[in-house]
1. Give me the percent of the accessible area of the range 144-229 that comes from carbon and sulfur atoms, probe 1.4 Å, all protein chains in place.
2. Taking the Cβ of Tyr99 as the center, what net charge do the other residues with Cβ under 12 Å away carry, scoring Lys and Arg +1 and Asp and Glu -1?
3. Find the relative contact order for the range 95-220 and round it to a whole percent, using C-alpha pairs within less than 8 Å whose residues are 6+ positions apart.
4. How fast does the range 127-239 diffuse by Stokes-Einstein, in µm²/s, taking the Kirkwood radius from C-alpha pairs at 10 °C and 1.306 mPa s?
5. For the range 111-152, report the convex hull volume of the alpha-carbon atoms normalised per residue, in Å³, without decimals.
6. Using the C-alpha gyration tensor of the range 162-203, what are the square roots of 5 times its eigenvalues, in whole angstrom, with the largest one first?
Amino acid sequence: MYEPIERRKVYELIAEQLLSQISERRLQPGDVVPPERELTKLYRAGRSSVREALRMLESRGLIEPIGNGSFVVAGYTNPLNNSLRLLMSLDEASMHDIYELRRIVECEAAALAAERRADEHIERMDSAIEEMRQGLIAESGERYIDGDLRFHLVIAEATNNRLILHSMGALREVIRRALISIFLIPQSPERSLEQHKAIRAAIADGDPERARAEMRDHLVRVEADVDRNIPQPSGATSG
């Protein structure tokens, strides 16, 4: 009859209200989301809470960055995303397939990001890493997972290649599903955090070869953790 009262953080409440505006079509795809300063006044909240709410919505694919800290509402559908979700639901693609695709896309993305990144991208990677760090001590893995996803999406954006960015956007939900399980594997999130720092350092140093190698080491290690700890569907292909 009685259930504990859920304690909600301010940024979660702000994200929920913005999500309501999007789901009720008061904010349409392509509409510019009110800037941080305006949202701070509207919600009477600190800028850090507003910033966290925007990061959460971005990591879930609901809003997209357009530069200078501004965001627009994302489109409702992504055909590639739907196709990948269908393949996974039919057990036509295994997690090995997903990580193989990620290695093909993300290792080169990291190398390109090392050559093309702006200071803004490094700052946003730092922010994502900090969110992961704070997420390690949270009761659920949501904050850690949001930071992890956002880190990889920032790298895709730093390539200045829209096809890479859209490909990563399509993989977003598939990756999120995997991360929910991976977060529960002992020491795996902590190792990922350290590897993200190494990837970030290589990109910040403008070293494409090192960035490519660090990303590959990270993805290979995570896939190995998945293989050891998460049972795969018997009907899935091995790639």
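The values are calculated or read from the model by the stated rules, or taken from the named source; none is laboratory data. Keep in mind that this is a model prediction, so the values were computed, not measured. Cβ: placed from backbone, ideal geometry, glycine included. Neighbour counts: every protein chain shown. Protein only, heavy atoms only, side chains kept; ligands, DNA and RNA dropped before computing areas. Shrake-Rupley method; radii C 1.70, N 1.55, O 1.52, S 1.80 Å.
1. 52
2. -2
3. RCO, the range 95-220: 40 percent.
4. My calculation gives 107 µm²/s for D.
5. Output value, Cα hull per residue: 52 Å³.
6. Ellipsoid semi-axes (Å, largest first): 22, 18, 4.
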